[in-house]
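The values are calculated or read from the model by the stated rules, or taken from the named source; none is laboratory data. Quantities reported herein were computed from a predicted structural model and do not represent experimental measurements. As a convention, Cβ positions derive from the backbone with ideal geometry for all residues, glycine included, and neighbour counts pool all protein chains shown.
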Amino acid sequence: MPYTVLLYEIRPSGVAVITLNRPAVFNAFDLTLSRELLAALAAAGADEAVRVVVLTGAGRAFCAGQDLQEAQQPGTFSFKEVLETRYNPIIRAMRALPKPIIGRLNGVAAGAGCSLALACDALVASRTASLVQAFINIGLVPDSGSAYFLPRLVGRLKAFEICALGDKISADEALRLGLVSVVVEPEQLDAATDALAARYAAGPPRSLGILKQLLEEAATANLSETLALEADAQEQAGSGAEYQEGLRAFLEKRKPKYG
Ligand code: T3D
């Protein structure tokens, strides 16, 4: 598919890089960007050569959520319909993608852009990046998964504070709260992202997919259900060639090589 507001690059290392590319509006979502992001995620999922996805923004920002210049007049549209048709499919696709998604947090992530960041499996943040639950600042409430991800990451009390005050959370504070995986200086962002992507790309792809699905399902399960989910997942992982290679490599005292 030809992309117009998004860059899609597949590297020989098995990493697909998706760059939201509307820098003049801090990569805010218009209809085209939401459609193209969904298509790019589907392309990365369907491509066996892709083992890891990196999601980032062009220019100074990661993503500023809905494009407020293009926002429709209040009262003339259904938020529910917009969310169900444009935003929720993206978040569902990210969580269902059986490959690690690394957010390369190059700048601010606000509103639905913050939700997008939180839906990633890992976040490598520049020290100049930030997260903002900006919804309340314009009289809205969290959407696109923030109400799910935030309390699970920081607890209900802190999640309320973050969402109710709508203040910018610096990268260092986000690290302290467990909202990002690592913070690096801006000039180290590419190297740190590439290094993490290379580690995931060298991992067992099928088992990483099973792992992601397991954690997803366990997030809303009780202990007994989780034990059953783990048993099923291990049955799947242990019956594949990856476990055979992993075990053989351990016994032969070498690094495993997966497909
Ligand atoms: O359809 C629906 O509405 C339903 C879906 C809702 C989902 C949502 O995402 S609602 C939340 C929408 N997003 C926001 O409310 C964020 C609005 N932006 C901000 O709060 C701030 O701009 C930022 C915290 C993101 C960044 O602040 P700062 O001080 O670093 O930069 P700035 O000067 O405010 O913005 C820089 C430029 O980006 C500026 O353009 P200019 O003046 O240089 O030409 C600004 O207008 C533009 N920009 C930033 N965010 C948006 C945007 N343009 C359009 N839409 C934006 N969301």
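Given the residues L116, L37, L55, which is the only one that is in contact (Cβ under 8 Å) with a residue 60 or more places away in the chain, crowded, with 24+ Cβ neighbours inside 10 Å and assigned to a helix (DSSP H, G or I)?
Selected residue: L116, the only one of L116, L37, L55 that is in contact (Cβ under 8 Å) with a residue 60 or more places away in the chain, crowded, with 24+ Cβ neighbours inside 10 Å and assigned to a helix (DSSP H, G or I).
Which residues, taken from the stretch 58-72, are in a loop (DSSP other than H, G, I, E, B), in contact (Cβ under 8 Å) with a residue 12 or more places away in the chain and either surrounded by fewer than 19 Cβ atoms within 10 Å (Cβ to Cβ) or near the ligand (Cβ under 10 Å from one of its atoms) (or both)?
The answer is G59, R60, A64, G65, D67, L68, Q69, E70.
Could you give every pair whose Cβ atoms fall below 8 Å, whose first residue belongs to the stretch 151-170 and is touching a residue at least 40 places away in the same chain (Cβ under 8 Å), and whose second residue is exposed (fewer than 14 other Cβ atoms within 10 Å of the Cβ) and of a type outside the set (D, E), counting only separations of at least 6 or pairs across chains?
R152/A219
Every residue in the stretch 120-144 that is buried (at least 24 other Cβ atoms within 10 Å of the Cβ), within 16 Å of the ligand (Cβ to nearest atom) and under 30 Å from A49 (Cα atoms), please.
Across the stretch 120-144, the qualifying residues are A125, S144.
Residue by residue, here is whether (1) within 13 Å of the ligand (Cβ to nearest atom); (2) at pLDDT below 95; (3) among the polar types (S, T, N, Q); (4) within 22 Å of F160 (Cα to Cα) holds:
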site	(1), (2), (3), (4)
P74	yes, yes, no, no
V82	yes, no, no, no
T85	yes, no, yes, no
V108	yes, no, no, yes
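Let me confirm something: among L131, L123, L153, which residue is within 30 Å of E230 (Cα to Cα), assigned by TED's automatic domain parsing to the domain that holds A44 and in contact with a strand residue (DSSP E or B) (Cβ under 8 Å, 6 or more places away or on another chain)?
Only one candidate qualifies: L123.
Does L177 meet the test of being outside the structural domain of E216 (by TED's automatic domain parsing), hydrophobic (A, V, I, L, M, F, W, C), surrounded by fewer than 20 Cβ atoms within 10 Å (Cβ to Cβ) and modelled with pLDDT of 95 or more?
The answer is yes for L177.
Can A44 be described as surrounded by 14 or more Cβ atoms within 10 Å (Cβ to Cβ), in the same structural domain as A93 (by TED's automatic domain parsing), within 14 Å of the ligand (Cβ to nearest atom) and among the small types (G, A, S)?
no
For the stretch 10-34, how many residues meet the condition of being hydrophobic (A, V, I, L, M, F, W, C) and part of a helix (DSSP H, G or I)?
So the answer is 4.
Can you tell me which residue among A159, A147, A192 is within 17 Å of the chain's Cα centre (by Cα) and surrounded by 17 or more Cβ atoms within 10 Å (Cβ to Cβ)?
A192
Taking the condition of being buried (at least 22 other Cβ atoms within 10 Å of the Cβ) and within 15 Å of the chain's Cα centre (by Cα), how many residues in the stretch 18-34 meet it?
The total comes to 2.
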